[in-house]
1. Among 56-64, 114-122, what's the highest-first ranking by average C-beta atoms within 10 angstrom per residue?
2. How do the peptides 138-144, 66-72 rank, highest first, by the average count of neighbouring beta carbon atoms within 10 Å per residue?
3. Once amide H atoms are placed 1.01 Å from N in the peptide plane, what residues at a sequence separation of 5 or more from R57, or on another chain, have their amide H within under 5 Å of its amide H?
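What follows draws every value from the coordinates through simple rules; no lab data is involved. Predicted model, so just to flag it, every value in this text is computed and none were measured. With ideal geometry, Cβ positions are generated from the backbone for all residues, glycine too; neighbour counts draw on all protein chains shown.
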Amino acid sequence: MNRREFIVAGVAAAGLAGRTQAQTQSPRIEVYKSPTCGFCSAWVEHMERAGFLVDARDIDQDALYALKARSGITPELASCHTAIVDGYVVEGHVPAADVVRLLAERPEAIGLSVPGMPIGSPGMEMGNQRDTFDTLLVRGDGSTEVFERHA
């Protein structure tokens with residue numbers, strides 16, 4: 001290897017190392033929730049255990065409903081808390097793995113929703129009891145499709 005090839009290889013390796021480090025940084029997620037909802041707090045803990053840097057903000061119900069409406073979350077898609085991560089909305093008890101997949105795939109969408117509060121979803125654990133639920137991908141026009149099915 002000549003000097004030029006050595007320098008080019010070194011620069012390329014440094015660039016790859018930097019990109020790998022940036023890709024492995026924990027995503028920051030802002031969670032807007034009621035100060036009295038233990039289920040929301042349990043979901044926040046689920047996201048922290050998954051490696052997300054969580055900024056949880058307690059807001060009143062009127063402000064939370066307004067945030068949902070501004071973010072494109074209709075009453076049919078709503079749950080108890082709303083989060084924002086890297087430009088996407090995450091509504092309700094969405095599993096961390098689904099959020100990781102969303103950020104990796106980067107589809108054209110508003111974000112993800114788990115409507116309601118299904119038993120057994122992250123933050124809604126109740127022993128061995130578990131509802132089947134879907135994580136929905138919410139498109140800009142308000143349409144949805146199943147992003148992941150959880151049984």
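1. Answer by packing, highest mean first, reads 114-122, 56-64.
2. So the order, starting with the most tightly packed, is 66-72, 138-144.
3. For R57, whose amide H was placed from the backbone, the distant partners under 5 Å are V31, Y32, K33.
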